[in-house]
Amino acid sequence: MFKAEVVAAVQGLEYFIDLVLSEQMVEGDSRAVIQNLQEDGDNSSTIQPFIANAHQLSRSLCRCRFIFTGCSGNSAAHVMAFVGQSSSKNRFWVEDAPDLTASAVASDRRAIDPP
């Protein structure tokens, strides 16, 4: 489970670098993965090689932040994962997300910052 979370973060970093974007914010709902991504030291976990890769990639950006977002504020990510399971290709939405994802983002915003 942790491996999937950190691999997704690495793929996101690679995608942003390919797009020549200088800033990225990586959100995740796995506290252990985000804490490992936030720390610079080595650890003995099985995901350490992926963490090291993410650190190396993040240093090529002007700014990169790794942020923990609890499940209640992260339903959009779960909707994207559900939609992504129907395809064998990696998908990244930069501007226009599918309607289902856009409504989940709106719901997440209301959960984090109620009107």
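The values are calculated or read from the model by the stated rules, or taken from the named source; none is laboratory data. Just so we're clear, the structure is a prediction, and the values are computed from it rather than from any experiment. Don't worry about glycine lacking a Cβ; one is built from the backbone with ideal geometry, like all the others, and counts go over all protein chains shown.
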Only one residue in ILE34, ILE47 is in the same structural domain as PHE2 (by TED's automatic domain parsing) and in contact with a Gly (Cβ under 8 Å, 6 or more places away or on another chain). Which one? ILE34
Mind listing whichever residues of region 1-45 are in a helix (DSSP H, G or I), surrounded by 15 or more Cβ atoms within 10 Å (Cβ to Cβ) and of a type in the set (Gly, Ala, Ser)? ALA8, ALA9, GLY12, ALA32
Yes/no for ILE51 being in contact with a strand residue (DSSP E or B) (Cβ under 6 Å, 6 or more places away or on another chain) and among the aliphatic types (A, V, I, L, M): no
When the residues of region 63-115 are narrowed to those that are under 13 Å from the mean Cα position of the chain (by Cα) and aromatic (Phe, Trp, Tyr), which ends up modelled with the highest pLDDT? PHE66
Any idea how many residues of region 46-69 are among the hydroxyl-bearing types (Ser, Thr, Tyr) and surrounded by 15 or more Cβ atoms within 10 Å (Cβ to Cβ)? 2
One residue is enough: does region 77-89 have a residue meeting the conditions among the hydroxyl-bearing types (Ser, Thr, Tyr) and not assigned by TED's automatic domain parsing to the domain that holds ALA111? no
